[in-house]
Every structure is written in C-alpha cells, then in structure tokens.
1. Just one of (1) surrounded by 15 or more Cβ atoms within 10 Å (Cβ to Cβ); (2) in contact with a strand residue (DSSP E or B) (Cβ under 8 Å, 6 or more places away or on another chain); (3) not in a strand (DSSP E or B); (4) not basic (Lys, Arg) trips up His49, so point out which.
2. Do you know which of the residues in segment 108-121 that are under 19 Å from the mean Cα position of the chain (by Cα) and either among the hydroxyl-bearing types (Ser, Thr, Tyr) or under 11 Å from Glu71 (Cβ atoms) (or both) is surrounded by the most Cβ atoms within 10 Å (Cβ to Cβ)?
3. Look through Asn269, Asn280, Asn276 and report the one residue that is polar (S, T, N, Q) and either in contact (Cβ under 8 Å) with a residue 60 or more places away in the chain or surrounded by 13 or more Cβ atoms within 10 Å (Cβ to Cβ) (or both).
4. Failed condition for Leu296, given (1) modelled with pLDDT of 95 or more; (2) touching a strand residue (DSSP E or B) at 6+ places or on another chain (Cβ under 7 Å), with all others met?
5. Anything in segment 111-154 that is among the hydrophobic types (A, V, I, L, M, F, W, C), within 17 Å of Lys10 (Cα to Cα) and either at pLDDT 95 or above or not in a loop (DSSP other than H, G, I, E, B) (or both)? List them, or say none.
6. Which of the residues belonging to segment 7-20 are surrounded by 12 or more Cβ atoms within 10 Å (Cβ to Cβ), outside any helix (DSSP H, G or I), within 23 Å of the chain's Cα centre (by Cα) and not small (Gly, Ala, Ser)?
Amino acid sequence: MTKFNINYYKGSDLYSDGDIENTILDMVKNNTDFTDILHDTDNWAILYHLTPIRKNLLDWYDFDTNATLLEIGGGCGAFSGMFAQKLKEVKVVELSKRRAEIIYNRHKNYENLEIIAGNLNDIAFAEKFDYVTLIGVLEYAGKFTEGNTPFKTFLENAKSYLKPNGKLLIAIENKFGLKYWAGAREDHTGRYFDGIEDYPNDKGIQTFGKKELEALILSTGFRCLEFYYPMPDYKLPKIIYSDEYLPKIDDLFDIYSPNFDQDRCVLFNEREAFKNLIKNEQFTFFANSFLVEASL
C-alpha cells in the first residue's frame, strides 16, 4: 500500500489549478481508466494531469530497475505510477496537499511508493537516491526558494539528494522556443514574448535558453549533460529528439504549436520555419522544450 506522509505539510497550498483539482481528485478516487473522461472533456487541467501522453517523456528511459528515485514536484501523479513500476523505490514530494492526495488516490496500491506533502526545502532524507526528477519544477524555484540565486540553490539542493553516480532529470520549457516567436504566450506568465525579453516584469518564474540552462546546471557541480528535445513540448510529447538524433528537414511538425490553456496569435507557419532552422542547424536553439540528463 502506498504511504502518504503529511509530517512536513505547513497547512496551506501555495499554488494550484483551482477548484478543478477537487474534480480531478474525485475522478481518481472513482476511476482507474480515464479514457472516457479525456474523450468528453475540453478542460486543459484535466487533459494535462490525466492524459497518458505525459508518460511519453520518460517511458523510454532506461532506468535501473534496482534503483531509487526522488520525484520533486509530483503534480497530480502523471509519472509517479510509472516510476513505481520501473524502479525499486520511489518517493514523491509535492508542495500542495491536495495534489499529493490526488497522487495517493491515483497510485495507492504500490508497496514501493511514498507520497510526501510539503516543501522540499523543509525535508531531510536519511537516504540518497539514484535518480532525482524535476519535471516542470525548476522554473518555479524563484518563488519557493530563498536567497539571491534561487535557481542555483534549488539545483544544489536537488543534487544533494543524489548518490555519487546519480542522475538528475530536468524537463523545462525553452524561453527561446519557436512557438513563442510565432505568437504563443509564455506558458507561465501568459505574456507575449516574456521569456524572449528575459522576464522584464517578474523573474520569480523563469525558463532558460539552452546555453543558460547548461551553464546553470554545470555551475552546481554536474559534469556531464545530455540534452533531449521533446516535440511539440515536454508536456504532451509526440517525439523526442537528441543531439545524436536531430530532426530531418522533411519531419512533419505542427503548423502552429498547440496552446490548450490560453489563446495565442499565429504569426507564421512554424512547420516551414522549423524546416529552415533545421537546414541551418539551429533546431536545438529554437526547440520548444528541453529534457536534460545531468550526471555527477
């Protein structure tokens, strides 16, 4: 039976998708298959949290089956059950108690899974882990980590939980993703061109370009980085490229990247633009998202 730990919860949820999470909680309590729910809904939060497409991001990854994993920011459990199936032991830290309850009710029949509600910065683990994951989490470090260098500090904290040969897996948007140039709003702030202009109004939530992200991770002591490029993004990936397997000019991308949760402009044909970028070997700079494996 999955463990549910609220010893580190301080009594209030600092973020959520709103009351729709109560609906999602009811859904996971009463269903194990979400096919019909997903077929009938037009709600982005329900799609995002419950679609199995999310698992494409890491279902292919060659995890050591005898290893342990710490999932930081479990959300509503899109990956938690998959991790429990693939690894020996999994702990999930989720800042929101309501989301932690969703994860628990969604994946409550695993002997090797523990859900912890609370802020990672308040938790002391007795053990180290073979893998630590930050999937859609690093960009929020400026909101929930104190100090002048919150993103570096947060990565250093995550690194401290790894065994000597451990790996950190990070999924995050690229602030220079082509979709943002083509008229999509910044995913977190809802402003046009916000990341491209380096977040002039508020740097609490930030994504990074490839060179920035690489430098940030290396500055915390990681030695080896492998970059992957989920398309159309890491949230609902259809295909994942790497530096060893980059897209060909005749690969078919969306004419414009989907923007399910907010309206957007359509300034140009992204498929044709990507063809030109691929021809000029600029795909990795303009890819919409990154998946990074960082090794010690």
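The values are calculated or read from the model by the stated rules, or taken from the named source; none is laboratory data. Owing to the predicted nature of the structure, the values given are computational and were not obtained by experimental measurement. Counting neighbours? That spans all protein chains shown, and the Cβs are built from the backbone with ideal geometry, glycine included.
1. (2)
2. For segment 108-121, the residue satisfying everything is Ile115.
3. Asn269
4. Of the numbered conditions (1) modelled with pLDDT of 95 or more; (2) touching a strand residue (DSSP E or B) at 6+ places or on another chain (Cβ under 7 Å), the odd one out for Leu296 is (1).
5. Ile115, Ile116, Ala117, Leu120, Phe144 - these are the residues of segment 111-154 that are among the hydrophobic types (A, V, I, L, M, F, W, C), within 17 Å of Lys10 (Cα to Cα) and either at pLDDT 95 or above or not in a loop (DSSP other than H, G, I, E, B) (or both).
6. Answer for segment 7-20, where residues must be surrounded by 12 or more Cβ atoms within 10 Å (Cβ to Cβ), outside any helix (DSSP H, G or I), within 23 Å of the chain's Cα centre (by Cα) and not small (Gly, Ala, Ser): Tyr8, Tyr9, Asp13, Asp17.
Conditions tested, residue by residue: (1) among the hydroxyl-bearing types (Ser, Thr, Tyr); (2) more than 19 Å from Val292 (Cα to Cα); (3) in contact with a strand residue (DSSP E or B) (Cβ under 9 Å, 6 or more places away or on another chain).
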residue	(1), (2), (3)
Tyr199	yes, yes, no
Lys203	no, yes, no
Lys210	no, no, yes
Glu226	no, no, yes
Asp254	no, yes, yes
